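Colleague: Quick one: this structure, given as structure tokens, is what I'll be asking you about.
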Amino acid sequence: MRIAYQGEAGAYSEAAAMKFLAQRSSPAAPSDYAAPATPALAESHADATVMACPAFEDVFQAVESGRATCGALPIENSIGGTIHRNYDLLVQHELKIVGEVELPVIHCLAALPGTRMEQITQIFSHPQALAQCDRFLRSLTGVEIVATYDTAGSAKLIRDRGLTTTAAIASERAAKIFDLDALRTGIQDYPDNITRFLIVTRPAAAAEVMGTREPNKTTVVFTLSNTPGSLFKALSVFALRDIDVTKVESRPIPGRPWEYMFYLDVNVGSQEFRAARALMHLAEFAPTLKTLGSYPSVPSSIGPRPAVAPPLPSLSGGAPGADAGKAAAQ
């Protein structure tokens, strides 16, 4: 099995690919499992390799062409929000979601050996990583923040160019791979910084990649007519059958200004009778409806949700400052 991911060695997406392999081979693997520090997957997964890709589009192309068995794609972060680009790509391509991974993300500030914190004049990283470390970055003075294509790629850039006054926000593993020192660790705004990844593959390979675990989560995308109560009706087909809707996301429809498609996650496998009936009911009034995948969920890294939602935290002074719609820092 070969898993494609976006980024360089040491990227969080690579760690997510490793974690999926552990979940697949050991369904009881804990949700807080940490991917092995070694880049050599052969030690624990003899038939598995990973494949680095420059962009998310390249991950899809690698899987569709057969150069990779499946791909690991970040879809949302608990601080930065949804990675909208990958939702759009899921609609544009015919790959199926066959799994998910939750990965705790711990950022460090890495620089060339011998560099001191007071020497830093630039910090490189992916826009999502910058958003997730917004408080730390705003505490610095006289430092230019530069957005790049990848967290691990930022570390590689500093190593390759010998940038003695530049630091990267990346994983500790990326820092080790590219011979950098960690000046600060755990610089993300919140300790519960978690990125959820989707595993996608060709429809013909779905059963093989999913393994023996039973699907208990389904992701669909649909459109609705712009009439009063249409979204209420769409959600009610699940409520009537006691199906938990865990995520609702709207995205603009390209070429049709102010019209939207809706992405939905529900906690039930599409093979269950009530799920099949709910989707049939939805199809009666949704002009378009597509099941993006039905797959085994993973236990949340932050535990069960409270029955009563807690009050929202103050939004002044501490909210991440970057657009959550930008692609994830993986």
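We did not get these values from a lab; they are worked out from the coordinates using the rules stated. If you're wondering where the values come from, they're calculated on a predicted model, not measured in any experiment. For neighbour counting, all protein chains shown are included, and Cβ atoms are generated from backbone atoms with ideal geometry for every residue, glycine included.
Colleague: As an exercise, identify the GluC sites (Glu not before Pro) in the range 183-288 lying in DSSP coil whose Cβ has no more than 11 other Cβ atoms within 10 Å.
Modeller: 284
Colleague: Still on this structure, please answer the following. For the range 108-185, what does the relative contact order come out to in percent, with C-alpha contacts under 8 Å and a separation of six or more?
Modeller: Relative contact order, the range 108-185: 51 percent.
Colleague: Mind putting together the pair-distance distribution for the range 217-295? All Cα pairs, 5 Å bins, whole percent per bin, short to long.
Modeller: Per 5 Å bin, starting at 0, the Cα pair percentages come out as 3, 16, 29, 28, 15, 7, 3, 0.
Colleague: Something else: Less than 29 Å apart at the alpha-carbon level, and either on another chain or at least 8 residues along: which lysines does that give for residue 96?
Modeller: The qualifying lysines are 19, 217, 233, 247, 290, 326.
Colleague: Computed on alpha carbon atoms, what radius of gyration and Dmax characterise the range 39-168, expressed in Å?
Modeller: Rg and Dmax of the range 39-168, Cα atoms, are 17.3, 49 Å.
Colleague: Continuing with this model, one more query. Would you mind computing, in nm to one decimal, how far apart the modelled labels at residue 271 and residue 253 are, each placed 7 Å from Cα along Cα→Cβ?
Modeller: About 3.3 nm, to one decimal.
Colleague: Looking only at the range 271-294, which residues have a backbone nitrogen under 17 Å from a spot 7 Å from the Cα of residue 227 in the C-beta direction?
Modeller: 281-289
Colleague: What Kirkwood hydrodynamic radius do you get for the range 108-185 when you take the inverse of the mean 1/r over all pairs of distinct Cα atoms, in Å? List each step's numbers first, then the result.
Modeller: Details: mean 1/r = 0.0845 Å⁻¹.
After inverting the mean inverse Cα-Cα distance, the result is 11.8 Å.
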